[in-house]
Amino acid sequence: MREPLPYAGGTLDRAASYRSDPTWIEAKLAGPSAMIIPMWSDKCLVTEAGPVRLARSVAGAVLAATAQPVFLGLDGEAAVFAVDLSELDEQVAIRLAGATETADIRALFPGLRTDQAAELAYARGLLRWHREQRFCGACGGGADSREGGHFRACRDCGRLLFPRIEPVVIVLVEAQGRCLLGRHRGAEPGAYATLAGFVEIGESLEEAVRREVSEEAGVKLGEVSYRGSQPWPFPGGLMIGFRAQALSDEVQVDGEELVEARWFTRAEVRDQLGPGRPDSIESYLIEDWLREAPAR
Ligand SMILES: [Zn+2]
């Protein structure tokens, strides 16, 4: 598949060996080359020029208004931090950041550079995790940010809390030159999609693919092969893409997640289905499959 997939391809050096030193983080944050990305409730703060990324010299008000900035990495010499303004009123956050409005990354995606989309998605996912992981799940104690925000530690029991990433398998199933697409409950008529689902505890990725396709569409699979992966921090996903061969073309949808599923030839996919979302791995799995054979 084409690489990098959307939201991958970040160019920051995460500097993992330095960020464990709080003095280094402090010095980087205080340094004149530091860059600050403010966000508000999962959204970017934007101007007409795009998402705001403030130089340290003009980020004083933003930094004063927020709790701990999160260190994303180094862009050359410049340390890049993300700050969460979610506790402020939206209009106050917009004003402090010198922005004109807030906007969702996925809506901005077509206008973003590869590295910019990756950086913003990374910032969004990490800030969201901090908002939702203020307490220890074992003892309920408060947890503090550590190593520039790459984990938290419980003040009471010492437990380390790492950012939560939720793996999702997504698969293009094929049989005899056709691919299986389903329509999810609530989707518009004609809106067909590849099958996908969360990986469960105690299951390999391949097992998750086989289970999801069997549960949702009643199709048993032969070979399952990995195609590529994509960060999906909306809020905490990692999409893992597969291609699979069906052992038969009989389909029996579960009626729960899928209301309908059917086989499409390449020509049918081209003629009947609209372009997928430009930022989804699904579009890439389908595009990859379409490219394998002549147009007609
Ligand atoms: Zn604890």
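When you scan the stretch 208-217, do you find a residue that is in a loop (DSSP other than H, G, I, E, B) and either surrounded by fewer than 21 Cβ atoms within 10 Å (Cβ to Cβ) or on the phi > 0 side of the Ramachandran plot (or both), even just one? Let's see the steps before the verdict.
Just the residues of the stretch 208-217 that are in a loop (DSSP other than H, G, I, E, B), to begin with: none.
No, the stretch 208-217 contains no residue that is in a loop (DSSP other than H, G, I, E, B) and either surrounded by fewer than 21 Cβ atoms within 10 Å (Cβ to Cβ) or on the phi > 0 side of the Ramachandran plot (or both).
I'd like to check something: does the stretch 189-207 contain any residue that is polar (S, T, N, Q) and at pLDDT 95 or above?
Yes; the residues of the stretch 189-207 include at least one that is polar (S, T, N, Q) and at pLDDT 95 or above.
So which pairs qualify, if the first residue must be in the stretch 127-145 and within 23 Å of Met39 (Cα to Cα) and polar (S, T, N, Q), the second must be within 12 Å of the ligand (Cβ to nearest atom) and not in a loop (DSSP other than H, G, I, E, B), the Cβ gap must be under 7 Å, and the two must be at least 6 apart or on different chains?
Every condition considered, the pairs that remain are Gln133/Ala143; Gln133/Arg152; Gln133/Leu161; Ser145/Arg152.
Give me a count of the residues in the stretch 45-94 that are touching a His at 6+ places or on another chain (Cβ under 9 Å) and farther than 16 Å from Glu119 by Cα. Steps first, please.
Within the stretch 45-94, the subset touching a His at 6+ places or on another chain (Cβ under 9 Å) is 67-68, 70-71, 84.
Going one step further and asking which of them are farther than 16 Å from Glu119 by Cα, we end up with 67-68.
Counting residues in the stretch 45-94 that are touching a His at 6+ places or on another chain (Cβ under 9 Å) and farther than 16 Å from Glu119 by Cα gives 2.
Filter the stretch 37-90 for residues that are among the polar types (S, T, N, Q) and assigned to a strand (DSSP E or B) and give the result.
Residue satisfying the conditions is Thr47 alone.
Evaluate the following for Arg227: is it of a type in the set (Lys, Arg) and either closer than 28 Å to Gly9 by Cα or in a helix (DSSP H, G or I) (or both)?
Values: of a type in the set (Lys, Arg): yes; either closer than 28 Å to Gly9 by Cα or in a helix (DSSP H, G or I) (or both): yes.
So Arg227 passes the test.
Would you tally the residues in the stretch 94-151 being polar (S, T, N, Q) and within 16 Å of the ligand (Cβ to nearest atom)? Walk me through how you get there before you give the answer.
So in the stretch 94-151, the residues polar (S, T, N, Q) come out as 100, 102, 114, 116, 133, 145.
Cutting the leftovers down to within 16 Å of the ligand (Cβ to nearest atom) gives us 133, 145.
Qualifying residue count, the stretch 94-151: 2.
Working carefully through the options Leu290, Leu221, Leu238, Leu285, find the one that is under 29 Å from Ala107 (Cα atoms) and in contact with a Leu (Cβ under 8 Å, 6 or more places away or on another chain).
Of the residues listed, the single one that is under 29 Å from Ala107 (Cα atoms) and in contact with a Leu (Cβ under 8 Å, 6 or more places away or on another chain) is Leu285.
Looking at (1) farther than 14 Å from Ala123 by Cβ; (2) more than 19 Å from the chain's Cα centre (by Cα); (3) part of a loop (DSSP other than H, G, I, E, B), which is the one condition that is false for Met1?
(2)
So the check is Cβ under 9 Å with 6+ separation or different chains; which pairs have a first residue in the stretch 193-214 that's aliphatic (A, V, I, L, M) and a second one that's surrounded by fewer than 16 Cβ atoms within 10 Å (Cβ to Cβ) and part of a strand (DSSP E or B)?
These pairs meet every condition: Val199/Glu166; Leu205/Tyr226; Ala208/Phe198.
Which one of the conditions (1) crowded, with 16+ Cβ neighbours inside 10 Å; (2) over 20 Å from Asp288 (Cα atoms); (3) away from the ligand (no atom under 16 Å from the Cβ) does Leu161 fail to meet, given that it meets all the rest?
For Leu161, the exception is condition (3).
From Asp288, Asp271, Asp249, which residue is charged (D, E, K, R), part of a loop (DSSP other than H, G, I, E, B) and on the phi < 0 side of the Ramachandran plot? Step through it out loud before you land on a result.
Numbers: Asp288 fails: part of a loop (DSSP other than H, G, I, E, B); Asp271 fails: part of a loop (DSSP other than H, G, I, E, B).
On inspection, the qualifying residue turns out to be Asp249.
Just checking, how many residues over the stretch 13-55 are in contact with a Leu (Cβ under 6 Å, 6 or more places away or on another chain) and at positive phi?
The qualifying residues number 1.
Of the residues that sit in the stretch 219-264 and are of a type in the set (Phe, Trp, Tyr) and out of contact with any Ser or Thr (no Cβ under 8 Å at 6 or more places or on another chain), which one is surrounded by the most Cβ atoms within 10 Å (Cβ to Cβ)? It would help to see each step written out before you state the result.
Within the stretch 219-264, the first condition is being of a type in the set (Phe, Trp, Tyr), and the residues that meet it are 226, 232, 234, 242, 263-264.
Okay, now just the ones that are also out of contact with any Ser or Thr (no Cβ under 8 Å at 6 or more places or on another chain), so 226, 232, 234, 263-264.
On the way: Tyr226: 13, Trp232: 25, Phe234: 16, Trp263: 18, Phe264: 18.
So the residue we want is Trp232.
Out of everything in the stretch 32-43 that is over 16 Å from Val92 (Cβ atoms) and modelled with pLDDT of 95 or more, what residue ends up being farthest from the chain's Cα centre (by Cα)?
Once the filter is applied, the top-ranked residue is Ser33.
The values are calculated or read from the model by the stated rules, or taken from the named source; none is laboratory data. Since we're looking at a predicted model, the values are computed, not measured. FYI the Cβ positions are ideal-geometry reconstructions off the backbone, even for glycines, and counts take in every protein chain you see.
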